[in-house]
Ligand SMILES: C[S@@+](CC[C@H](N)C(=O)[O-])C[C@H]1O[C@@H](n2cnc3c(N)ncnc32)[C@H](O)[C@@H]1O
């Protein structure tokens, strides 16, 4: 099963316009499989679908029947009949890859205006919540509050674009969340692009999950301190990133998986 998902990560994912790359895809895989092995229940959710790159990754990892809630403005472009070009392309990606989109679980609208009950009434408590919508402080503040309220006790929130100088307010929003959430949440893992947080009681669990994951063994695990907790920073050397890019660009994406073993 894991090998089919790795094949998807290293082959199909690049065919969808979007932003999640293999290192974070492997973190998603490790976390979701670790939760499943522990029988941690709950839905998956994402703010910021774009054309579905991470949505279809969540679908691939968790299977056709898994409840996945997805929220986006879907306001990029217009079809000839006045519909959303972004939404059409998202659905088209699903058809092309033979992957299910549960349209009942798609919320088209501004995430910052949603109440947590709207999410939990639809899908129940959430065990994995990816925040990748609006990138200004007011978006991250609202989205992290929403995620916190809808999260299962054992849930994880993944913040995208943290420490990216192009979106400085994302980092402020994520840090505000950790500092003002009453100390209830802490970070346990960071990559070049994302920060992963959980409730403090689950810090030890997720720390060992990341440390022991075979899919993350290719990375250097560097212990870092961040706002009162130890965080595994997964370092991906530039040499590997370059080799991977080279293989993908020269049409050898089928072999690019070996770079991350
Ligand atoms: C960076 S893209 C998401 C990338 C995506 N997660 C992927 O894997 O490729 C950001 C998305 O957030 C959506 N977005 C921006 N502001 C939003 C808001 N206030 N509410 C809901 N979605 C929003 C945009 O429409 C866009 O599709």
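What the table below lists for this structure:
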read-out	value
Answer residue from the range 125-147, given it is closer than 23 Å to residue 57 by Cβ and part of a helix (DSSP H, G or I) and is nearest to the ligand (Cβ to nearest atom) among those	139
Subset of the range 103-124 [more than 9 Å from the ligand (Cβ to nearest atom) and either within 26 Å of residue 167 (Cβ to Cβ) or crowded, with 16+ Cβ neighbours inside 10 Å (or both)]	105, 106, 115, 116, 118, 119, 120, 123
The range 160-210, subset on the phi > 0 side of the Ramachandran plot and within 17 Å of the chain's Cα centre (by Cα), residue surrounded by the fewest Cβ atoms within 10 Å (Cβ to Cβ)	163
Answer from 44, 57, 31 - the residue that is surrounded by 17 or more Cβ atoms within 10 Å (Cβ to Cβ), part of a strand (DSSP E or B) and at pLDDT 95 or above	44
Answer residue from the range 33-53, given it is out of contact with any strand residue (DSSP E or B) (no Cβ under 6 Å at 6 or more places or on another chain) and under 22 Å from residue 210 (Cα atoms) and is nearest to the ligand (Cβ to nearest atom) among those	33
Restricting the range 60-72 to residues that are in a loop (DSSP other than H, G, I, E, B) and within 21 Å of residue 121 (Cβ to Cβ), the residue that is farthest from the ligand (Cβ to nearest atom)	65
Residue count for the range 73-88, restricted to those that are assigned to a loop (DSSP other than H, G, I, E, B) and either within 14 Å of the ligand (Cβ to nearest atom) or closer than 19 Å to residue 120 by Cα (or both)	5
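The values are calculated or read from the model by the stated rules, or taken from the named source; none is laboratory data. What you see is a predicted model; the values in this text were computed from it and never measured. We place every Cβ from the backbone using ideal geometry, glycine too, and count neighbours over all the protein chains shown.
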